[in-house]
Amino acid sequence: MVQADEPLAFESMECDLPVPPPVAWAYVTDVEKKIRWQQGLDGMTMTGLARGRIGPGATQHCAHGKGSTLHDIVDWRPFDYVTWHIRLPMGTVVRQMAELTPLENGGTHLSLRCARPEGGNAVAVVIVAAIMRLAMVKKLVNEQRASKVALERLVAEEKGGFGGGDGISRE
């Protein structure tokens, strides 16, 4: 997990979505949905599926321009949270976690957090953390802020198509 109070690589993405946790979960974990709101992605595929299903051991292959990143799913609690290890250079990783919290109005609070780089080689961790701070954090923060806006817009647009059967009380 990535605890809300632990040091983060950059600011967390926090938003309230007007859909119940199972619907919000699909936006976070389904490749076809995630590619529609996650900024900075040119494509995404999955490998390591167990009988065609996503879960621990599966890997998201995320294409970003000329580069790509691998996100290994290490903890999978449907409708509560999912944790990835994002592979970085020199054997380091960043733990990323999407946590879903039900709201009293039937919606869901989404918290997307990235811990600081970690790994078995302390020198590699320091180098990768410095590179992230100097070259990537501003870009990642901007993409995450744009992703939040895109996700909120997409959910609002598609929510209208749910015909009110999304489990949210409108009284």
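Could you pull out which residues in region 42-83 have an amide N less than 12 Å from a spot 7 Å beyond the Cα of residue 111, following the Cα-Cβ vector? Answer for this model: 81. Principal axis extents of the Cα atoms in region 13-159, from largest to smallest and rounded to whole angstrom, are 47, 36, 29.
Here the 3J(HN,Hα) profile of region 61-76, calculated from phi with Karplus coefficients 6.51, -1.76 and 1.60 at θ = phi - 60°, is 9, 10, 8, 10, x, 7, x, 8, 10, 10, 10, 8, 7, 10, 8, 9 Hz, Gly and Pro shown as x.
In percent, what relative contact order does region 1-74 have, based on Cα pairs under 8 Å that are 6 or more apart in sequence?
Details: 73 pairs, mean separation 13.2, N = 74.
Contact order relative to length: 18 percent.
Taking amide H atoms as placed 1.01 Å from N in the peptide plane, the amide H of residue 55 lies under 5 Å from those of 50, each 5 or more residues away in sequence or on another chain.
For residue 39, nonlocal amide neighbours, meaning residues 5 or more places apart or on other chains whose placed amide H falls under 5 Å from its own, are 147.
Take each of the peptides 84-90, 51-57, 108-114, average the number of other beta-carbon atoms within 10 Å over its residues, and list them starting from the highest.
Working: 84-90: 17.1, 51-57: 11.4, 108-114: 20.4.
Sorting 84-90, 51-57, 108-114 by mean packing, highest first, produces 108-114, 84-90, 51-57.
Of 24, 124, 135, the residue with the greatest mean-square motion in the GNM of the chain, using alpha carbon springs below 10 Å, is 135. Could you give the angle, 0 to 90 degrees to the nearest 10, between helix 137-159's Cα long axis and the longest principal axis of the Cα atoms of the chain? So the inclination is approximately 20 degrees. Grouping the Cα pair distances of region 84-142 into 10 Å bins from zero gives a pair-distance distribution of 21, 42, 21, 12, 4 percent in increasing distance order. The H on the amide N of residue 103, modeled in the peptide plane, is under 5 Å from the matching H of 108, 109, each at least 5 residues off or on a different chain. The mean sequence distance of close C-alpha pairs (under 8 Å, at least 6 residues apart), as a share of the length of the chain, puts its relative contact order at 28 percent.
Label reach from residue 49 (point 7 Å along Cα→C-beta): in region 1-37, amide nitrogens under 12 Å belong to 30-32. Each label was represented as a point 7 Å from its Cα along the Cα-to-Cβ direction; for residue 122 and residue 157 these points are 5.0 nm apart. Of all the options 35, 73, 131, the one that moves most in a Gaussian network model of the chain with Cα springs shorter than 10 angstrom is 131. Note on the chain: GNM, Cα springs under 10 Å; of 146, 130, 58, the largest mean-square fluctuation is that of 130.
Listed values for region 41-49 are Karplus-derived 3J(HN,Hα) couplings in whole Hz (6.51 cos²θ - 1.76 cosθ + 1.60, θ = phi - 60°), namely 9, 9, x, 8, 9, 10, 10, x, 6, and x replaces Gly and Pro. Other residues whose C-beta falls under 15 angstrom from the C-beta of residue 55 contribute a net charge of -1, scoring Lys and Arg +1 and Asp and Glu -1. Helix 122-131 and the long axis of the chain differ in direction by around 60°, with both axes built from C-alpha atoms.
Where a number appears in this text, it was derived from the coordinates with a stated rule and is not lab data. Since we're looking at a predicted model, the values are computed, not measured. We place every Cβ from the backbone using ideal geometry, glycine too, and count neighbours over all the protein chains shown.
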